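Some notes on the structure that comes next.
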Amino acid sequence: MGTFRVDVEIENPARPGSRAVVPDVLVDTGAELSWIPASILESLGVTRRKHWRFRQADGTIVERWAGWAGLYLAGTSTVDEIVFGEPRDLVLLGARSLEGMNLRVDPFNKALVDAGPAPAAAIGGAQPASPQGSVRFALFNAAKILSSGNLRRLLVPSSYLLRRS
């Protein structure tokens, strides 16, 4: 797939309005947390809140502090736990930050794009967005009706039935 980098804006959520641009941040979906140089987080007044231990690929353990920061990228934002990176650490945009911004990696264009509608557990008045969703929605409702014992309500329109080819 290859790698690519993006520019990220960082903000202290306790002091909205003042942001720092962090250039060339490596997008790393294999990293849980984002790693930003401590000097940038400290300049924004981000507080060290949690002590983490990380196992590196060679098995060694490194310890770092993390704090809460706002991240802005590709027209969206999130607040996430960010690692205070030390001088020799990579500067990374991790999976949790990407998920918080509802972004996914487009491997062909080496870009971050909107991940589409986020999964939800909505029921009741929710309507499916696709025919496949309609089938799942109908089967879910049928299961609810069967479990309630009210079989007279189980009238499934033929448009919801799957045909075998």
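For the list (1) modelled with pLDDT of 60 or more; (2) assigned to a helix (DSSP H, G or I); (3) not assigned by TED's automatic domain parsing to the domain that holds residue 63, I need the number of the one condition that residue 120 fails. Of the numbered conditions (1) modelled with pLDDT of 60 or more; (2) assigned to a helix (DSSP H, G or I); (3) not assigned by TED's automatic domain parsing to the domain that holds residue 63, the odd one out for residue 120 is (2). Only a single item in (1) closer than 26 Å to residue 102 by Cβ; (2) surrounded by fewer than 17 Cβ atoms within 10 Å (Cβ to Cβ) is not met by residue 62, and it is number (1). For residue 44, the test of being of a type in the set (A, V, I, L, M), buried (at least 17 other Cβ atoms within 10 Å of the Cβ), out of contact with any His (no Cβ under 6 Å at 6 or more places or on another chain) and over 23 Å from residue 112 (Cα atoms) is passed. Of all the numbered requirements in (1) within 16 Å of residue 30 (Cα to Cα); (2) over 11 Å from the mean Cα position of the chain (by Cα), residue 87 misses one, and that requirement is (1).
Take the residues in region 65-89 that are small (Gly, Ala, Ser) and out of contact with any Phe, Trp or Tyr (no Cβ under 6 Å at 6 or more places or on another chain), then tell me which one is surrounded by the fewest Cβ atoms within 10 Å (Cβ to Cβ). Steps first, answer last, please.
The first filter runs over region 65-89 and keeps only residues small (Gly, Ala, Ser), leaving 66-67, 69-70, 74-75, 77, 85.
Right, trim to out of contact with any Phe, Trp or Tyr (no Cβ under 6 Å at 6 or more places or on another chain) and you get 67, 69-70, 74-75, 77.
Working: 67: 21, 69: 27, 70: 20, 74: 15, 75: 8, 77: 15.
The selected residue is 75.
The values are calculated or read from the model by the stated rules, or taken from the named source; none is laboratory data. Since we're looking at a predicted model, the values are computed, not measured. So basically every Cβ, Gly included, is an ideal-geometry build from the backbone, and we count neighbours across all protein chains shown.
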